[in-house]
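So the structure is just underneath, and the comments pick up after that.
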Amino acid sequence: MKMRSGWTVLPVLTGIVALFSTGCGSGTWLGQGTHLVVGMSDDVLATDPASGYDPGSWLLFDNVFQSLLSFPDGGTEPEPDVAKSCSFTDEKSRVYRCTIKEGLTFSNGDPLTAEDVKYSFDRMLRINDAAGPAVMFQTLDKVETPDDLTVVFRLKAPDASFPSKIASGAGSIIDGRAYKFNELRKDDLAIGSGPYKLDSFNEKEAVFSVNDQYKGMAKVRNSGVTLRFFHGDRSALKQALVDGQVDVAYRGLSADDIDDLGRQGRRTGVDVVEGTSAEVQHLVFNMDDPVTGKLGVRQAFAYLLDRAALTKKVYKGTAVPLYSIIPAGIVAHDTAFFDRYGDSPSRSRAAASLRAAGVTGKVKLTLWSTPSRYGPATDQELKEISAQLNASGLFDTDVKSVGFDQYEKDIAAGKYGVYVKGWVPDYPDPDNFTSPFFGKGNVLGNRYTNATITGKLIPRTAAESNRSSTAASFDELQHIVADQVPVLPVWQGKQYAVIRDNVVGYEYCLDSSTVFRFWELSKN
């Protein structure tokens, strides 16, 4: 995240809050005239859903636009939103049909019909913006509208995760009368049918007011929100929170900031609230590298990594050890790496793995980092991992750090043996933690292929609309990865709401979904 770009392109350990609707029925404004200010250090890179594929942009989309489906409070299974009902109509998960609710309108009063849904998806795919979410819909063949209230998605291949994809920010429905088909909007305006209208947008802030045309499940508990941008200046965001200039600090506080604010407690007038998250970080191994291409070297890494010490020392408990590629809280999560390598470093087993690979002497290797994308703690994390490896006497490693653009170019060129990658999911389904990572052109760029994973397990899980029934296949996949170690899971982040002590509504908000819903917040 991804969010996103599916692939996380996020600063590490951002203070994350996910805010969800808690009520049922049509949209209602319950606010008492309260207006909130939310501050974040991320930028909003787009106001047009055909372009935005970053956490800031999806924050805007989630509040201004609606999708056919959305994620309920505390849930990872999408439920109807604009749609009255949706379902696959075939056994192979290739035809998905939705019936739209009657009487929906956009914030400008235009009616929302099936044609707007079709237009939104067709336009996104037609523009195919490099910074947009079209990459998520490679299985989508065409969209049909038999009538004004029916949409039929025909897929090129089975894709049981399709409902989760259209429930994400990528499924935002635009007013077809207000957006040109072949090009992105350039005026920073947004016309949607969600709980809020975007009143203004500039470099400093985005201002949202309640959309009185909204007819949905959310119950709006405030009179509007100002989203203030701090453009990566974490110290300024923290100070603004302490000074009362913002009510909620979202995305961008470091582990040190969270720890400091938590210890100061109510003396500063702020509260730190903890929840769960599906944000993860991995070490990635280049399978063509002369050193990391050896299985014994990768397994030695796995035997020596002390995740508990790492998360305590570097992240001060704002992350937890991760032992598989599918994180806790997501269907089919298991502990494959714990089962295979344990949770405590084992020098003897690491040495045995190296001997089996014919490795003699210390393994010399550079660990590559990019704090400009994953946050300043990333360098510290890699240095701690390097120290753990070197302390075993089996490795001689160092750490180098480069800017993200150069980092990505070097990975594509195969210049790195081992490097770090972070990931925030586009949607809370095990597919989003697996299928992007394997096969030709995978987002990891590590040249790893496995015929069982790409030829059998991923297609099998993609065709299973009952996601709980995929557990056995995903379990097999995770154990293959643990055995072959093309990636080494390191940590799973926690979510944090850092709020002024008069803000309420956050207790419903910390969840594995990546949706940030403004409407739950209010002041007492």
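Among K364, K383, which is the only one that is charged (D, E, K, R) and either farther than 24 Å from L295 by Cβ or part of a loop (DSSP other than H, G, I, E, B) (or both)?
Numbers: K364 fails: either farther than 24 Å from L295 by Cβ or part of a loop (DSSP other than H, G, I, E, B) (or both).
K383 is the lone residue from the list that is charged (D, E, K, R) and either farther than 24 Å from L295 by Cβ or part of a loop (DSSP other than H, G, I, E, B) (or both).
Output the qualifying pairs, or none if there are none: Cβ atoms under 8 angstrom, residues six or more apart or on different chains, first residue in the stretch 95-116 and farther than 24 Å from V210 by Cα, second residue of a type in the set (V, I, T) and part of a loop (DSSP other than H, G, I, E, B). Pairs found: V95/T89; Y96/T89; R97/T89.
Of all the numbered requirements in (1) in contact with a strand residue (DSSP E or B) (Cβ under 6 Å, 6 or more places away or on another chain); (2) farther than 19 Å from A178 by Cβ, V135 misses one, and that requirement is (1). For the stretch 306-316, filtered to residues that are in contact with a helix residue (DSSP H, G or I) (Cβ under 7 Å, 6 or more places away or on another chain) and under 23 Å from V272 (Cα atoms), the residue that is most open to solvent (accessible area, probe 1.4 Å) is K313. Only one of the numbered conditions (1) open to solvent by less than 20 Å² (accessible area, probe 1.4 Å); (2) in contact with a helix residue (DSSP H, G or I) (Cβ under 7 Å, 6 or more places away or on another chain); (3) not hydroxyl-bearing (S, T, Y) is violated by N446, and that is (2). Could you list, in sequence order, all residues of the stretch 430-461 that are assigned to a loop (DSSP other than H, G, I, E, B) and either on the phi > 0 side of the Ramachandran plot or within 20 Å of the chain's Cα centre (by Cα) (or both)? Correct list: T434, F438, G439, G441, N442, V443, L444, G445, R447.
Scanning the stretch 40-72 for residues that are within 15 Å of the chain's Cα centre (by Cα) and among the small types (G, A, S) returns G52, G56, S57. Residues that are acidic (D, E), out of contact with any strand residue (DSSP E or B) (no Cβ under 7 Å at 6 or more places or on another chain) and within 20 Å of G132 (Cα to Cα) do occur in the stretch 174-185.
In the set (1) crowded, with 20+ Cβ neighbours inside 10 Å; (2) over 23 Å from L104 (Cβ atoms); (3) modelled with pLDDT of 95 or more, E183 fails one condition alone, (1).
Inspect all residues belonging to the stretch 32-40 and state whether any of them is of a type in the set (S, T, N, Q) and at pLDDT below 95. I'd like the intermediate steps shown before the answer.
Pass one, the stretch 32-40, residues of a type in the set (S, T, N, Q): 32, 34.
Then drop every residue that is not at pLDDT below 95, which leaves 32, 34.
For the stretch 32-40, residues of a type in the set (S, T, N, Q) and at pLDDT below 95: present.
In this structure, is Y303 hydroxyl-bearing (S, T, Y), in contact with a Phe, Trp or Tyr (Cβ under 9 Å, 6 or more places away or on another chain), surrounded by 16 or more Cβ atoms within 10 Å (Cβ to Cβ) and part of a loop (DSSP other than H, G, I, E, B)? First the steps, then the outcome.
Details: hydroxyl-bearing (S, T, Y): yes; in contact with a Phe, Trp or Tyr (Cβ under 9 Å, 6 or more places away or on another chain): yes; surrounded by 16 or more Cβ atoms within 10 Å (Cβ to Cβ): yes; part of a loop (DSSP other than H, G, I, E, B): no.
Here the answer is no, as Y303 does not meet what is asked.
Based on this model, can you work out whether F338 counts as over 22 Å from the mean Cα position of the chain (by Cα), buried (at least 23 other Cβ atoms within 10 Å of the Cβ), among the hydrophobic types (A, V, I, L, M, F, W, C) and not in a strand (DSSP E or B)? Against the criterion (over 22 Å from the mean Cα position of the chain (by Cα), buried (at least 23 other Cβ atoms within 10 Å of the Cβ), among the hydrophobic types (A, V, I, L, M, F, W, C) and not in a strand (DSSP E or B)), F338 does not qualify. Exactly one residue out of D396, D289 is more than 25 Å from the chain's Cα centre (by Cα), of a type in the set (D, E) and part of a strand (DSSP E or B), and it is D396.
Where residues in the stretch 504-524 are assigned to a strand (DSSP E or B) and at pLDDT 90 or above, which of them is farthest from the chain's Cα centre (by Cα)? Break it down into steps so the answer makes sense when it comes.
Going through the stretch 504-524, the residues assigned to a strand (DSSP E or B) turn out to be 504, 522-523.
Those left that are additionally at pLDDT 90 or above: 522-523.
Details: S522: 25, K523: 28 Å.
Here the answer is K523.
The values are calculated or read from the model by the stated rules, or taken from the named source; none is laboratory data. Owing to the predicted nature of the structure, the values given are computational and were not obtained by experimental measurement. Note: ideal-geometry Cβ built from the backbone for every residue, glycine included; neighbour counts use all protein chains shown. We work out accessible area using only protein heavy atoms, side chains counted, and drop any ligands, DNA or RNA first. Shrake-Rupley method; radii C 1.70, N 1.55, O 1.52, S 1.80 Å.
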